[in-house]
Amino acid sequence: MSKEDVFSKVVDILGKYSKTEISADSITMETSILDDLKINSARLVDIVLDFEDAFDIEVDDDDADSVATVGDGVNLIMAKI
Amino acid sequence: MRHRVVVTGMGVFAPNGHGLEAYESALRNGTSGIRRIPELEELKFSCQVAGVPENLDEASTRYFTEEQLVSMNSSIRMAAIAAIDAWRDGGLEAPGDDSENVDWDAGAIVGTGIGGMDTIGERLVPLVNAGKVRRLGSTAVEQIMASGVSARISGLLALGNQVTTNSSACSTGAEAILDATYRIRHGLAKRMLAGGSEGVSRYIWAGFDAMRVLNRTRNDEPEKASRPMSASAAGFVPGSGAGILLIESLDSAVERGAKIYAEVAGGAINCGGHRMGGSMTAPNPTGVQRCIQAALADANLTGSDIDAINGHLTATFADPHEIKNWAKALGRPAQELPLVNATKSLIGHALGAAGGLESVACVLQVHKGFVHGSVNCEDLHEELKPFESRIVQQTREVPDLTVQAKASFGFGDVNACVLFKKYDCN
């Protein structure tokens, strides 16, 4: 799977948890999941579970804790698929 | 100083109608919300019918965002729909997530009898038992904590006063309305959302089915299955939904020019102590009578002031005892008892939501001057024959209806009685 495909899937997953309307055009690898997308910090747990399901990977707690930006998520997934 | 408390908004998500217009129409026309639930037959329940509101999923997508729905089980969704409806009906605006304005004078006491059993039964227990605790994610706790229903409402409407969930089995909804009334009376809040919600789940109903307190004789005739006061009553039909009142200090209502449906004239809450005939599952008659009499005293009314009774009346052996308790407590002979009806004949017994759903029915009746018919008691119970002229089977207009009593009684021998009165500016 290409990095672009992973990015696009990650944006879809984040959309479910965001309190604002997410437009794919305005999101970059540097976009902060909590601050820019207004996602409740508790939901990071669910986002990582969705990553596992969508990409058929396993993410341990330390890796999960390191996800702060969209790029962190995409790179984590790219390293495991 | 004791502030007068009035009802300025209502929201209802009932088995026989969503919204005040649909609910009033269903009550007036005797439209039942009780249906056959095929899943209950497959699972070998004795009772295979229930009162379940229609179109919850469709309504949910209109009321909530995808992000909100991630953590809202059926009880929370129905409570939130009824709360938003009550808030808007009261002329108040629901703030968006972007707004930082908290209404410090508004709170919520919204109860539930059993709680988020769908989340517990369908997610928590299977995942924990499979050794997959981690897969629960972050959304389990907020759906199974008892206060999940009120907590969600607070977030949707930015409520900053007391926000809590009470639980007293089948008296929960009525108790919530009284607890919220006391708070406003004492000047601790200007307005409160108050009522109850109960979810849709086989895990909620299973325990009652096992107790053999549910009707198992009319699975093929769902609309005839809930039969309060009938000689052929054979247990209650489980219900679900949410009914919530927006109650407010009279001063606040007048100041902002709100419409006033009725006044919460008074009420009382007590417990029979599981003595004198009372138990975990049966009411102490003295406790019931004392509760009704304490409600009258609180409202500065006498037994002769009550025009109508919306009973607890679940369709068990207890119905005749309840009617006799009313007659004794009010000091009125059978032929002079206030008019009596049972909303459960149309929606079933919605447990923790019952008091909320039925209070909405009462306020509509007091406001509009009618008493809806109780269906399925054409074969009146033998012990209720002396009261026959007082039991309303066909909806009737009662323009001078001034005070209606709503009582709810629950497991644990707990009682709550609320008196709704036509609003008089004097």
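For the reader, a short list of remarks on this structure follows.
- For B:GLY266, residues with placed amide H under 5 Å, excluding near neighbours: B:LEU419
- Between the alpha-carbon centres of the range B:264-300 and the range B:195-215 there is a gap of 24 Å.
- Bins of 20 Å, starting at 0 and running to the largest distance - Cα pair percent for chain B: 29, 59, 11, 0
- Here the peptides B:72-83, B:221-232 are ranked by packing, the mean other Cβ count within 10 Å, and the order with the highest first is B:72-83, B:221-232.
- Using θ = phi - 60° and Karplus 6.51 cos²θ - 1.76 cosθ + 1.60, couplings along the range B:84-91 (whole Hz; Gly, Pro as x): 5, 4, 5, 4, 5, 4, x, x
- Across peptide B:254-263, the mean count of Cβ atoms from other chains lying within 10 Å of each residue's own Cβ comes to 0.
- Candidates B:GLY111, B:GLY155, B:GLY356: whichever shows maximal mean-square fluctuation once chain B is modelled as a Gaussian network with Cα springs under 10 Å: B:GLY155
- Shape category assigned to the range B:267-421 from the gyration tensor of Cα positions, a/c cut at 1.5: rounded
- Listed residues A:ASP25, A:ASP35, A:ASP46, most fluctuating in chain A (Gaussian network, C-alpha, under 10 Å): A:ASP25
- Per-pair calculated FRET efficiency, R0 = 51 Å: B:ASN101 and B:ARG35 via Cβ, rounded to 0.05: 0.75
- Counted charge near B:ALA342, where neighbours are those whose Cβ lies closer than 13 Å (Asp, Glu -1; Lys, Arg +1): +1
- Distance cut-off 41 Å, percentage of C-alpha pairs in the protein assembly as shown lying past it: 24
- Structure remark: mean-square fluctuation, Gaussian network model of chain B, C-alpha springs under 10 Å; the largest value among B:GLU54, B:GLU358, B:GLU42 belongs to B:GLU42.
- Residue by residue along B:66-77, Cβ atoms of other protein chains within 10 Å of the local Cβ number 2 on average.
- Over the Cα atoms of chain A, the radius of gyration divided by the Kirkwood radius equals 0.91; this is the Rg/Rh ratio.
- Helices in chain B, meaning DSSP H runs of at least 4 residues, each add -39500 (n - 2.57). Divided by all residues, the mean residue ellipticity at 222 nm is -9000 deg cm²/dmol.
- Counts of other chain beta carbons within 10 angstrom of each beta carbon in peptide B:365-377 average 0.
- Length gained on full extension, B:ASN129 to B:HIS321: 64.7 nm, using 0.36 nm per residue less the C-alpha separation.
- Placed amide H near B:GLY196: partners under 5 Å, 5+ positions off or other chain: B:GLY111, B:GLY243, B:GLY356, B:LEU357
- When each of the peptides B:240-250, B:135-145 is scored by the mean number of other C-beta atoms lying within 10 Å of its residues, the order from highest to lowest reads B:240-250, B:135-145.
- Dipole axis of the range A:3-80 (+1 Lys, Arg; -1 Asp, Glu on Cβ), positive-most option in A:ALA68, A:THR20, A:ILE57: A:THR20
Every read-out reported here was derived from the displayed coordinates using simple, explicitly stated rules and does not represent laboratory data. What you are looking at is a predicted structure, and each value in this text was computed from that prediction instead of being measured. When we count neighbours, we look across all protein chains shown, and the Cβ atoms used for this are built from the backbone with ideal geometry, even at glycine.
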